[in-house]
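Here's the structure, in structure tokens; my notes come after.
Values quoted throughout were computed directly from the atomic coordinates according to the rules given, and no laboratory measurement underlies them. Note that the structure is a prediction, hence the values are computed from the model and not measured. Cβ atoms come from the backbone with ideal geometry, glycine included; neighbour counts cover every protein chain shown.
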Amino acid sequence: MENFSARLRLLRKERGLKQREMAEICGLKLRSYQDYEYQVSYPSALGLVALADFFGVSLDYLMGRTDKREINR
């Protein structure tokens, strides 16, 4: 299974977004967003939820705990 950073990078690329665009969407400086993809730092719990919602995936998928993208509701 992939880790958070790899999943984030994969999801971003699937949407055809650049790191700079994701940083703007997240309200972050470019370097702060890059730190997520390079395993230097991680978003807060609220940030993780926002990313999962943005990409339409479950938190478990985003964090690499499962390979199932769907959200259980």
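How much of the pair distance distribution for region 4-62 lies past 16 Å, counting alpha-carbon pairs only, in percent? Result: 33 percent of Cα pairs exceed 16 Å. In plain terms, the chain is cut at each of the GluC sites (Glu not before Pro) found in a DSSP loop with at most 14 other Cβ atoms within 10 Å, and the longest leftover piece is 3-69.
Under the criterion of Cα pairs below 8 Å and six or more residues apart, the relative contact order for region 4-62 equals 34 percent. Rounded to the nearest 20 debye, the dipole magnitude of the chain is 140 debye, with +1 charges on Lys and Arg beta carbons, -1 on Asp and Glu beta carbons, and the Cα centre as origin.
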